[in-house]
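Take a look at the structure set out below.
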Amino acid sequence: MQRRKTQTNHDDQTTRIPFRLNLLLVIVFVLLAALAFQMAYLQLKNGAMFKAEVNRTDNTIETNNVQRGMIYDSTGKVLVGNEAHQAISYTKGINVTAEDMYKVSNKLGKFLTVPTDTLTDRQEAIYYLANTKNATAVTAKIAKASAMSATALQSAQQAYVMRHKPDLSGAQQNAAAIFTKMNGAYALSTTYIKETNVSPTEVSEIGEHMSEMPGVKTSTSWSRSYPAGNSVKSFVGTVTSEKQGLPADEVNILLSQGYSRNDSVGSSYLEKAYEPILRGTKSRTSVEVSNSSKITKETKEYAGAKGSNLVLTVNSKFQDAVQKVIDKRLPGSTCQGAYAVVMNPKTGAVLAMAGDSRDPNTGKVTTDALGAINQPIVMGSVVKPAMLTGGFESGAITPTNNTLVDQPIILTGTSKITTDWNQNGAFPMDAALALEESSNSYAVQVAMKMVGFKYSQGASINGLPSSMFQTLRNNFSQYGLGVKTGIDLPGESAGLKGLSGRSNIGSALVEAFGNYDAYTTLQLGQYISTLANGGSRMQPYLVSQIRGTGKNGGLGNVEYQAQPKVLNYVTASAAAKKIVKQGMWQVVNGSSAHKTGASVLTNLKPGIVAKTGTAETFVNGKQTVTSSIILYGPTDNAQVAVAVAVPGLPEDNASYLVNQTMAADIYNLYWKDIQSSDGYK
């Protein structure tokens with residue numbers, strides 16, 4: 001009985017095993033069937049979509065630079081142009097690796113020679129490590145390399161290579177310089193590998209092998225040219241080279257405006273001020289890139305537009321002639337330079353702006369036209385017409401009551417103030433004669449009256465109000481002295497103001513005749529223009545037009561025309577202005593033995609009015625003078641205004657004439673080069 005029971009249990013177990021196995025097989029079959037069904041479903045319903053995904057491409061935009069706008073003088077003569085150069089460029093593709101560029105740079109280096117003198121140790125290291133074999137070998141020599149982040153390892157690799165400095169051959173250094181240019185480009189941005197001096201042989205050989213060097217192209221680059229000479233750079237300014245790229249202090253702003261890091265950009269003066277106009281609009285090419293990062297199609301969407309052109313108010317012939325006057329007449333000794341500005345007093349147009357700076361220690365002279373807008377100079381008595389106008393406006397003097405006595409001004413707490421030719425006497429004079437004879441005493445007395453100070457010999461300067469500085473400066477500023485003129489150039493100086501605290505109140509007296517604050521020559525030009533046109537302070541400008549490019553490559557349609565802009569109006573009465581003008585006429589034509597205008601001014605035709613100035617200064621501990629002058633002509637219908645300043649002159653008779661000689665030469669040149677004097681007296 002027992003044996004039969006055991007046999008039955010064994011049979012039950014044998015029966016259950018095949019059952020479990022069969023169940024498992026059934027489950028597997030069901031899962032496979034489900035998988036097959038799903039694959040069939042996806043193939044039938046979504047097969048086209050997946051095939052498209054495999055073949056999917058991305059569209060991105062490639063941009064390229066265009067010619068910069070040109071700059072012309074007032075007659076249409078090219079001052080700044082563009083010189084075309086055969087160039088080799090590189091457009092970086094999508095997902096291009098360092099090793100890809102390493103291979104291309106080595107290939108390109110066989111046909112193209114580039115400068116290597118600026119190649120740094122780090123750039124050589126980056127090139128060396130772009131070779132995977134080299135990078136692997138270097139990594140093996142770095143302790144705990146496996147534990148480093150990618151950035152840390154990269155830095156360690158470069159440091160190792162720079163310490164051990166692999167001996168690169170000349171060919172490898174050439175390739176490293178090419179690689180450095182490529183490596184600096186962004187995806188789908190174009191950079192120049194060589195901008196100039198590409199030989200025909202280089203172009204030919206690169207063209208034959210271009211298909212072997214992805215991204216490499218023959219192209220055209222442009223550099224600025226100066227057909228009228230380099231002297232115009234002093235106010236036109238310059239542009240950065242592709243090597244210099246964007247200025248470091250503006251890089252983020254410019255990048256946000258669509259520039260690339262290696263783009264050329266206006267870096268100074270007009271080139272910088274009008275950068276948005278001159279730069280043009282980059283070309284746009286739609287680039288189709290496959291999943292494998294290969295460019296499959298390129299379509300030009302926009303050919304780009306050359307930058308617009310600037311037409312200046314400056315006549316290049318006249319500008320050169322004025323600069324030659326400064327060069328020829330510039331004194332030596334302690335002289336620090338000379339500056340001149342010529343303006344149309346009715347519009348504010350700058351007709352010429354010239355200058356030299358001079359090192360009194362070495363005698364070296366540098367062309368410095370922009371010194372006229374950024375070199376403040378203590379100008380001296382040229383400010384007296386403005387000072388007297390302020391006296392008339394305030395009621396300190398009137399057109400019918402303006403006689404004062406030229407006498408030494410003696411106040412306790414400050415030095416005695418006298419007119420050069422009158423150290424101790426007393427001479428009554430009206431406002432016109434005070435200008436003719438350049439009376440310091442008269443100007444100081446007017447200033448004291450303007451602030452309500454009643455002068456008596458020996459009185460204390462403590463009676464002068466603290467507001468005196470500001471009163472005088474407000475008066476001068478209505479003519480543009482001590483404030484920015486508003487010229488369309490960056491870097492203009494507003495001048496320099498001397499200390500004006502209570503302890504400096506005595507200096508307010510010499511401020512009245514121009515021996516304290518410093519002004520620029522352009523401010524003098526704006527000032528004399530205001531006197532010439534009857535009281536309108538005109539904003540100076542250099543750009544008269546912005547124009548497109550015609551079909552023949554020359555000037556095209558006018559896009560902008562500058563209009564005269566009045567900044568403020570001097571409110572003195574017509575009678576007061578007439579007296580000031582009469583005084584300036586007497587500077588040139590008066591009969592006083594003390595008149596400051598020399599025969600070189602008296603003989604000018606058409607006739608002029610003027611005011612000369614001298615200021616006491618110091619150079620290297622030696623007492624010197626600034627010699628300045630403002631003039632306009634013709635007397636009754638002003639066409640031109642001239643301002644000249646010559647700082648740091650030795651105290652001799654010649655120093656008091658150099659300003660007048662320069663100004664007379666410039667005035668004569670105006671009627672020779674700009675306008676006929678026919679019909680003017």
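Summary table
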{"item": "Pairs where the first residue, in the range 381-397, is in contact (Cβ under 8 Å) with a residue 12 or more places away in the chain and closer than 12 Å to K611 by Cα and the second is assigned to a loop (DSSP other than H, G, I, E, B) and not hydrophobic (A, V, I, L, M, F, W, C), C-beta under 7 Å, 6+ apart", "result": "S381/S438; S381/G514; V382/G514; V383/G514; K384/S438; A386/Y479"}
{"item": "All positions within the range 499-522 that are surrounded by fewer than 24 Cβ atoms within 10 Å (Cβ to Cβ), in a loop (DSSP other than H, G, I, E, B) and within 28 Å of the chain's Cα centre (by Cα)", "result": "D517"}
{"item": "Residues within the range 312-337 that are under 24 Å from the mean Cα position of the chain (by Cα), among the hydroxyl-bearing types (S, T, Y) and part of a loop (DSSP other than H, G, I, E, B), tallied", "result": "1"}
{"item": "Members of the range 376-398 that are touching a Phe, Trp or Tyr at 6+ places or on another chain (Cβ under 9 Å) and surrounded by fewer than 22 Cβ atoms within 10 Å (Cβ to Cβ)", "result": "P376, T398"}
{"item": "Some residue of the range 394-403 being part of a helix (DSSP H, G or I) and under 22 Å from I417 (Cα atoms)", "result": "no"}
{"item": "Extreme residue, surrounded by the most Cβ atoms within 10 Å (Cβ to Cβ), among residues of the range 106-154 that are among the hydrophobic types (A, V, I, L, M, F, W, C) and under 30 Å from P200 (Cβ atoms)", "result": "L108"}
{"item": "Residue pairs meeting the criteria (Cβ under 6 Å; at least 6 apart or on separate chains; first part of a strand (DSSP E or B), in the range 342-365; second surrounded by fewer than 17 Cβ atoms within 10 Å (Cβ to Cβ))", "result": "S357/T366"}
{"item": "Scope the range 428-457; condition outside any loop (DSSP other than H, G, I, E, B), farther than 20 Å from M584 by Cβ and either over 46 Å from the mean Cα position of the chain (by Cα) or hydroxyl-bearing (S, T, Y) (or both); matching residues", "result": "P428"}
{"item": "Per-region count, the range 482-503, residues within 26 Å of G463 (Cα to Cα) and in contact with a helix residue (DSSP H, G or I) (Cβ under 8 Å, 6 or more places away or on another chain)", "result": "5"}
{"item": "S438 vs. criteria on the phi > 0 side of the Ramachandran plot and either without any contact (Cβ under 8 Å) to a residue 12 or more places away in the chain or crowded, with 17+ Cβ neighbours inside 10 Å (or both)", "result": "yes"}
{"item": "Residues being outside any loop (DSSP other than H, G, I, E, B) and under 20 Å from S199 (Cβ atoms) - total across the range 214-252", "result": "8"}
{"item": "Residue in the range 585-594 that is in a helix (DSSP H, G or I), of a type in the set (A, V, I, L, M, F, W, C), buried (at least 24 other Cβ atoms within 10 Å of the Cβ) and out of contact with any Ser or Thr (no Cβ under 7 Å at 6 or more places or on another chain) present", "result": "no"}
{"item": "Positions within the range 626-657 being out of contact with any helix residue (DSSP H, G or I) (no Cβ under 6 Å at 6 or more places or on another chain) and within 26 Å of P376 (Cα to Cα), in sequence order", "result": "T626, G633, P647, G648, P650, E651, D652, N653, A654, S655, Y656, L657"}
{"item": "Residues that are surrounded by fewer than 24 Cβ atoms within 10 Å (Cβ to Cβ), under 15 Å from T614 (Cα atoms) and among the polar types (S, T, N, Q), drawn from the range 627-659", "result": "N653, S655"}
{"item": "Members of the range 253-283 found to be part of a strand (DSSP E or B) and under 14 Å from V66 (Cα atoms), listed by number", "result": "T281, S283"}
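None of the figures in this text is laboratory data; all of them are computed from the coordinates on show. Note that this is a predicted model, so its numbers are computed, not measured. Positions of Cβ are backbone-derived with ideal geometry, glycine not excepted, and every protein chain shown enters the neighbour counts.
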